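I have placed the structure first, in the form of structure tokens, so that the comments after it can refer back to it.
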Amino acid sequence: MSERPTAEGLRAVPLLSGLTEAERAEVAGLAELRSLEAQLPLFREGDAGDALVLVLSGSVQVVKKDPAGKHQVLSVVSAPAVLGEMAVLEAGGKRSASAIAVGPVSFAVVPGPRLLAQQLVQRS
């Protein structure tokens, strides 16, 4: 069985800060904790946008390939943060950029379809 974050552990994540403790517990019950070492991808540009990524510790570079195929850094995101929310909300959405760990990073992955089914976030 995979390890899950706690509702308390998700309190600092900006997207979840407006939820009640019970609602954060629902999200925590859907999430799976993961960790990566530096320079490994959390996800890649073009991947299916089927999960929300909650960065719990560390930093992540958001990069996009330019026409020559070189990575261009769009931003550096530090915990607590959310990645991939737009791809999750768009049916059949694809990742528009890659996310690469700057150093060791821990994060939670929340399956988008299950999150949307809980009606904790709404499609616009």
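The values are calculated or read from the model by the stated rules, or taken from the named source; none is laboratory data. Predicted model, so just to flag it, every value in this text is computed and none were measured. When we count neighbours, we look across all protein chains shown, and the Cβ atoms used for this are built from the backbone with ideal geometry, even at glycine. These accessible areas exclude ligands, DNA and RNA; they are computed on the full protein's heavy atoms, side chains included. Shrake-Rupley method; radii C 1.70, N 1.55, O 1.52, S 1.80 Å.
Some values worked out for this structure:
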read-out	value
Cβ-Cβ under 7 Å pairs, at least 6 apart or on other chains, the stretch 1-14 side in contact (Cβ under 8 Å) with a residue 24 or more places away in the chain, far side assigned to a helix (DSSP H, G or I) and open to solvent by less than 100 Å² (accessible area, probe 1.4 Å)	Arg4/Ala28; Arg4/Gly29; Pro5/Ala28; Leu10/Leu16; Leu10/Arg24; Leu10/Val27; Leu10/Ala28
Among residues of the stretch 45-57, those that are open to solvent by 30 Å² or more (accessible area, probe 1.4 Å) and modelled with pLDDT of 95 or more, counted	2
Leu15 being assigned to a strand (DSSP E or B) and within 19 Å of Gly112 (Cα to Cα)	no
Residue satisfying all of: in the stretch 8-24; within 18 Å of Ala81 (Cβ to Cβ) and hydrophobic (A, V, I, L, M, F, W, C); surrounded by the fewest Cβ atoms within 10 Å (Cβ to Cβ) among these	Ala12
Qualifying residue in the stretch 25-33 (condition: open to solvent by 70 Å² or more (accessible area, probe 1.4 Å) and assigned to a strand (DSSP E or B))	no
Every residue from the stretch 59-78 that is open to solvent by less than 70 Å² (accessible area, probe 1.4 Å) and either assigned to a loop (DSSP other than H, G, I, E, B) or in contact with a Pro (Cβ under 8 Å, 6 or more places away or on another chain) (or both)	Asp66, Gly69
Some residue of the stretch 101-111 being farther than 21 Å from Glu3 by Cβ and either free of Cβ contacts under 8 Å to residues at least 40 places away in the same chain or acidic (Asp, Glu) (or both)	no
Some residue of the stretch 79-92 being over 18 Å from Arg4 (Cα atoms), part of a helix (DSSP H, G or I), touching a residue at least 60 places away in the same chain (Cβ under 8 Å) and under 15 Å from the mean Cα position of the chain (by Cα)	yes
Residues being part of a loop (DSSP other than H, G, I, E, B) and at pLDDT 90 or above - total across the stretch 1-12	6
